[in-house]
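Here's the structure we're looking at; comments come further down.
Each value in this text was obtained by applying a stated rule to the coordinates, not by laboratory testing. This is a predicted model, so every value here is computed, not measured. Here Cβ is always computed from backbone atoms with ideal geometry, including for glycine, and neighbour counts include all displayed protein chains.
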Amino acid sequence: MDRPSIRQLESLVAVAELKSFRKAATSLGISQPALSASVQGAEKLLGLQVFERDRRSVLVTSAGEEVVTRARVALEHVDAVADAARRRGEPLVGQMRLGVIPTIAPYWLPSLLPGVRKRYPRLELVLREDQTSRLLAQLDAGQLDAALLALPVPGDFTTATIGFENFLVAAPRGAAILAKHHGRLSEKDLDDQTVLLLEDGHCLRDQALAVCERSGAIEQMSLRATSLPTLVQMVAGGLGITLLPEAAAGALIQPRGPVQVAKLDRPQPGRTVGLAWRTSSGRLREFKLLAEVMREEAEKMLAKLRS
């Protein structure tokens, strides 16, 4: 029996993931007719229909679900062959798909990436920003090679710490809580304070909630932000206080603006930022090297923020 080609397997997986022949063709860099021919050829070889097609959508058939799952696994093994060859030569060369959560991407990457680019100029990082749960799902499915996020994470992933980031209290300038405690707070000082948080799905929300539960702070349930810049604007409007990671605070808070920040006494709450990858990946050495250079750059960034 003839077997589907790698290109045909890539076509099946791309259509299944994107639910669109047009989008799948674009992602693979081929024409839509070529993609359709590839899928039809695979279905003919396999002797079954993988997709239901109409004008509005593309659905995977029940028989096609197993085919797509096994095609994805087969492609991971093909990638592993290339990875094995790459490891015999220069590390961190070529494309690497890196996921990053939104509360890290704009605040850490400007400091981390120049150092990575200098050390490994032939590495091509393809970045994808999304929430933690979706990044982990994409990482597990082989759609990402690694992810930069807050640790720990669930699942069969290996991780490396990049740095520990403190949380700062952000409040309207001149707020009573800051004046009373002279800009230096403990967690117990947050008792009965109204705290603004991000919407569900952001891991930073869960980490900030843990601080609120320990301190007795009260979440403003009716108002939740979609991003850290929005959260800062809500604080500026006098709607409450919030907790900000220090890298974000450094980027978002103006020295004499409407919002000011205060440190929390030790032990300072915060989060561990790290790199995660599939434990089964064949690029262990490369990910460790990437984590090492990121850690060096993160130390410089955090030291500058704290000086």
### Message
Translational diffusion coefficient of the stretch 92-307 at 37 °C, 0.692 mPa s, Stokes-Einstein with Kirkwood Rh over Cα pairs, in µm²/s as a whole number.
### Response
182 µm²/s
### Summary
Taking M294, M221, M234 and counting other beta carbon atoms within 10 angstrom, the fewest-first order is M221, M234, M294
### Summary
As a Kirkwood estimate from alpha-carbon pairs, the stretch 150-269 has a hydrodynamic radius in angstrom of 14.7 Å
### Message
For V100, what residues show an amide H to amide H distance below 5 Å, using hydrogens built from the backbone and excluding near sequence neighbours?
### Response
R128, E129, D130, L148
### Message
Straight-line reach from K300: which lysines fall under 24 Å, measuring Cα to Cα and dropping same-chain residues less than 8 apart?
### Response
K118, K263, K288
### Message
Hydropathy at least -1.0 by Kyte-Doolittle, axial extent at least 20 angstrom from the Cα trace: which helices of the chain, defined as entire DSSP H runs, fit?
### Response
32-46, 62-87, 105-119, 284-306
### Message
Need the list of lysines near K23 for cross-linking: C-alpha distance under 28 angstrom, and skip anything on the same chain fewer than eight residues off.
### Response
K44
### Task
Could you order peptides 16-29, 138-151 by the average number of other Cβ atoms within 10 Å of their residues, highest first?
138-151, 16-29
### Message
Can you classify the stretch 215-266 as rounded, prolate or oblate using the Cα gyration tensor, where a ≥ b ≥ c are the square roots of its eigenvalues, rounded means a/c under 1.5, and otherwise it's prolate if a/b beats b/c and oblate if not?
### Response
oblate
#### Entry: Alpha-carbon Rg with Dmax, taken over the stretch 6-86, Å
12.7, 43
